[in-house]
1. Show me the strands (runs of 3 or more DSSP E) found entirely inside region 150-210 where at least 3 residues are on the phi < 0 side of the Ramachandran plot and among the β-branched types (Val, Ile, Thr).
2. Of the conditions (1) in the same structural domain as residue 219 (by TED's automatic domain parsing); (2) touching a Phe, Trp or Tyr at 6+ places or on another chain (Cβ under 9 Å), residue 148 clears all except one; give me its number.
3. Using beta carbons and a limit of 6 Å, which pairs, at least six apart or on different chains, have the first residue in region 83-97 and within 20 Å of residue 108 (Cα to Cα) and the second one crowded, with 17+ Cβ neighbours inside 10 Å and basic (Lys, Arg)?
4. Do we have residue 100 as in a loop (DSSP other than H, G, I, E, B), hydrophobic (A, V, I, L, M, F, W, C) and surrounded by fewer than 20 Cβ atoms within 10 Å (Cβ to Cβ) here?
5. Only one of these conditions is not met by residue 162: (1) touching a strand residue (DSSP E or B) at 6+ places or on another chain (Cβ under 8 Å); (2) hydroxyl-bearing (Ser, Thr, Tyr); (3) at pLDDT below 95. Which number is it?
6. Just a yes or no: is a residue in region 105-126 of a type in the set (S, T, N, Q), without any contact (Cβ under 8 Å) to a residue 40 or more places away in the chain and in the same structural domain as residue 47 (by TED's automatic domain parsing)?
7. Consider only pairs whose beta carbons are under 9 Å apart and that are at least six residues apart or on different chains; among these, list those whose first residue lies in region 58-77 and is not assigned by TED's automatic domain parsing to the domain that holds residue 47 and whose second residue is surrounded by fewer than 18 Cβ atoms within 10 Å (Cβ to Cβ) and not in a helix (DSSP H, G or I).
8. Tally up the residues in region 285-307 that are part of a strand (DSSP E or B), touching a Leu at 6+ places or on another chain (Cβ under 7 Å) and crowded, with 17+ Cβ neighbours inside 10 Å, please.
Amino acid sequence: MKEVIFPPKINKSAKIAIITPAGSVQQGQLDKTLEYLEKNNLNPVLGKNVYAQFENGYSYGGTFQQRLEDLQWALDGDFGAIWTSRGGYGCVQLLSAIKLNKFKKKPKYLIGYSDVTVLQSFLLNKGFASIHGQSIKTSSFGVEENSYQKIVEILKGKKPEYNLNSHSLNKKGKAEGQLVGGNLAMICSVSGSRYAFDFKDKILFIEEIGENYYALDRMLMNLEVNGIFKQIKGLIVGGMINMGDEKKNPEYENSFDSKAYQLVAEKVEKYNFPVAFGMPNGHIYKNYPLIIGGNLSLNVENKVKIKFQ
């Protein structure tokens, strides 16, 4: 297993690069979180294209070149961390053009989730950890402030640990290993490519939003037919929200959709690794950060304990 580099903890008033590598954001949508960062003695610095828009069948946060320019600026620059404004779609377009020559000399955490999963997979394959956590822009239903505070704590050197309530679908057991994963659709989008995660002996995390149940099943089958469930040592399942048909699903707004969870449980029933459902991470109100590339212990008994080492 390749040795993973974890950035040093940030200093007071550290500069944080803010970029939009995927979908577009509008003026005003980032203000509340930027103010929060400033109140926590951080210094957000916006990329020059952070509010750019480019329409090409989708509202991108700028042209390919604009988004790549800001991403490269953030990777190369003297920043304490890189915080993405949102997910959406577009990060995968940038992967083949990213250069890490300067980043390797001054590594920093890349923070985000959703579409940003593919950037985090790219970085981990190069030996760099990242933070799967809340973006600067919040969802329409908002986000708990602790979701940001826990990210700041990681930047300041604290290793997260979480105690989860029991869940009827949990599979008991213990595992230790490196965490990989993120948004399930994004994991599948680079499956089989040189940008895919290495799953062997890893603990996998998955979360999802806005998929029909058959599409969720298809993505889980992608993991199955690629032999990924045979390789991993444990599974952590986060938010599954806005699943299925809004008019037919009474749990459409629930953070942890029970039908989606049942589909996951059915797919991994025959395997012996521990499974923990209900991790508050994903497109949900409580979006507590996880360190992609971090080593953790997973203990699933009557309660669940997740501890990064």
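The values are calculated or read from the model by the stated rules, or taken from the named source; none is laboratory data. Being a predicted model, the structure only gives us computed values, none of them experimental. Note that we place each Cβ from the backbone using ideal geometry, even for glycine, and neighbour counts take in every protein chain shown.
1. 203-209
2. Going through (1) in the same structural domain as residue 219 (by TED's automatic domain parsing); (2) touching a Phe, Trp or Tyr at 6+ places or on another chain (Cβ under 9 Å) one by one, residue 148 breaks only (1).
3. 85/137; 86/137
4. yes
5. (3)
6. No; the residues of region 105-126 include none that is of a type in the set (S, T, N, Q), without any contact (Cβ under 8 Å) to a residue 40 or more places away in the chain and in the same structural domain as residue 47 (by TED's automatic domain parsing).
7. From region 58-77, no pairs qualify.
8. Residues flagged as part of a strand (DSSP E or B), touching a Leu at 6+ places or on another chain (Cβ under 7 Å) and crowded, with 17+ Cβ neighbours inside 10 Å within region 285-307 amount to 6.
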